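So the structure is just underneath, and the comments pick up after that.
The values are calculated or read from the model by the stated rules, or taken from the named source; none is laboratory data. Just so we're clear, the structure is a prediction, and the values are computed from it rather than from any experiment. Note: ideal-geometry Cβ built from the backbone for every residue, glycine included; neighbour counts use all protein chains shown. Side chains are part of the model used for accessible areas, which takes the heavy atoms of the whole protein and leaves out ligands, DNA and RNA. Shrake-Rupley method; radii C 1.70, N 1.55, O 1.52, S 1.80 Å.
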Amino acid sequence: MMEGTAEGVILEPLDMVYQPLGVFGLPAGMLLLPDTENGMEVALQLRAGRRPKVYSGDTHFYHLALVRADPGEIIRALPGHGALHDFNELVLNPTLELFTSLLGRCDGDFALLVNWQGYLNGYCQLPDFKLASTNTVAAVLCSSHATRLLEVRDEPGAAELLREAIAISAAESEVFAAGLRADLAQLLLDDRATKKEAMWNLQLALDALGETDLSELAAEVHLNLGMAFHDEIDKLPTAGRDAARHYMAVTRLVTEQTSPYAFGTAHMNLALTYLSMPMTDASDQLRYGIAIASLQKAVAAFDPDVFLEQWARARLNLANALVYAPSVRQADNLVEAVEIYEELLQIRDRFSDPVGFARVCANQGNALGHLGMFSEAKAKLHDARAIFEEFEMTTEISAIREVLDHIERERVGRGDSK
């Protein structure tokens, strides 16, 4: 907790009115700007979620933090040698010696922030957010208390603290509150009882982010809203279109280079949304082509060395789409699908993930059947059925039986003896 100051030490107060804490990502979102005319001007723009076009000498370090430069380079650009300099250095290169020295030279909200950094680095307890005299500092500390509760799996307690942090921060900065609303929504989306509150918070976050440069955060909010609507496709007639609208917004806000996970997930989910919509006329068949193109972009976005599970899921969905895509190149599509399934079988472990392995086998057997490779198809389908029977998965067993019956009819019709 906050400690007293040494006798004879001159405290270095900090004007907290203009500090853009919590708005941008790390490390920038933890850094403090100097209480100068230039610092105030830059801080006001940052607090509104906008990246300044011009930085003066004493704010250049913040630009380096925004572009995620090397911490050493940012430290070398820090202005002055006082408590503000040392706080920012503590954020970028924390040491117990620097923490102890700095804590003895400050009080009030500044001391609370020093203790906050000390807590994040294991030097002290997290201070009580109710000790803060400004909304920004109170909200920062309150959200850290929420994170602490999440670490011990107290989701209801964390949600309550995030609600309080949102109420505190929104009084001063709806942009800061937008990030907290996104965090709260992540906790609430999976529960039907709180899903409406989650979607309401996500929409409020989007409203606040509309004129900002926080494209990655806005993309995250759009992605979560898209997935929330996606879950309602069977219940609401407009849910599919709403989901697609939010997924497309993600692909306009970020790229596979800036946010590969969000970009790839949005494209994969966009494809699945299109494929789940009813095909009522010939023009609807165009959605298959759009879906396949989106799945190909998702595969390209997911580096298998980093996002192996997402990459495999995108490849699997691409193969499934190719099997049923209306095309003059249907045979080529089927061959590509069979090759993708075979590739996935090499990375799916039959023993650690038998059901996943069986699903890929079943899909490959179906594609081989469409190609007329009946004996190979039946071998794959029998393998899959054996695993499904072991786990008593009656729906999957029934589906395989239907495919095998269809293959048998096709085989007899062609006069194939195998």
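Summary of computed values
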| quantity | calculated |
| --- | --- |
| Some residue of the stretch 29-40 being free of Cβ contacts under 8 Å to residues at least 60 places away in the same chain, part of a loop (DSSP other than H, G, I, E, B), open to solvent by less than 30 Å² (accessible area, probe 1.4 Å) and of a type in the set (Gly, Ala, Ser) | no |
| Count of residues meeting criterion [of a type in the set (S, T, N, Q) and either open to solvent by less than 50 Å² (accessible area, probe 1.4 Å) or at pLDDT 95 or above (or both)] in the stretch 366-391 | 1 |
| Qualifying residues in the stretch 352-365 (those that are in a helix (DSSP H, G or I) and open to solvent by 30 Å² or more (accessible area, probe 1.4 Å)) - the one farthest from residue 327 (Cα to Cα) | 355 |
| Subset of the stretch 236-279 [under 17 Å from residue 314 (Cβ atoms), at pLDDT below 95 and either of a type in the set (A, V, I, L, M) or touching a Cys at 6+ places or on another chain (Cβ under 9 Å) (or both)] | 275 |
| Conditions (1) in a helix (DSSP H, G or I); (2) closer than 28 Å to residue 168 by Cβ; (3) at pLDDT 95 or above; (4) open to solvent by less than 40 Å² (accessible area, probe 1.4 Å): number failed by residue 127 | (1) |
| Matching option when the condition is assigned to a helix (DSSP H, G or I), touching a residue at least 12 places away in the same chain (Cβ under 8 Å) and more than 16 Å from residue 30 (Cα to Cα), among 159, 111, 167 | 159 |
| Residue in the stretch 405-415 that is within 29 Å of residue 271 (Cα to Cα) and at pLDDT below 95 present | yes |
| Condition check for residue 331: open to solvent by less than 70 Å² (accessible area, probe 1.4 Å), aliphatic (A, V, I, L, M) and at pLDDT below 95 | yes |
| Scan of the stretch 240-273 for residues that are farther than 19 Å from residue 309 by Cβ, open to solvent by 10 Å² or more (accessible area, probe 1.4 Å) and under 13 Å from the mean Cα position of the chain (by Cα), ordered by number | 258 |
| Any hit, the stretch 275-285, residues being crowded, with 19+ Cβ neighbours inside 10 Å and over 19 Å from residue 199 (Cβ atoms) | yes |
| Answer residue from the stretch 298-312, given it is of a type outside the set (Gly, Ala, Ser) and farther than 10 Å from residue 265 by Cα and is surrounded by the most Cβ atoms within 10 Å (Cβ to Cβ) among those | 307 |
| Cross-chain or 6+ apart pairs with Cβ under 7 Å, the stretch 233-260 first and assigned to a helix (DSSP H, G or I), then open to solvent by 40 Å² or more (accessible area, probe 1.4 Å) and hydroxyl-bearing (Ser, Thr, Tyr) | 240/276; 253/215 |
| Looking only at the stretch 182-239, and only at residues there that are closer than 26 Å to residue 43 by Cα and β-branched (Val, Ile, Thr), the one that is surrounded by the most Cβ atoms within 10 Å (Cβ to Cβ) | 221 |
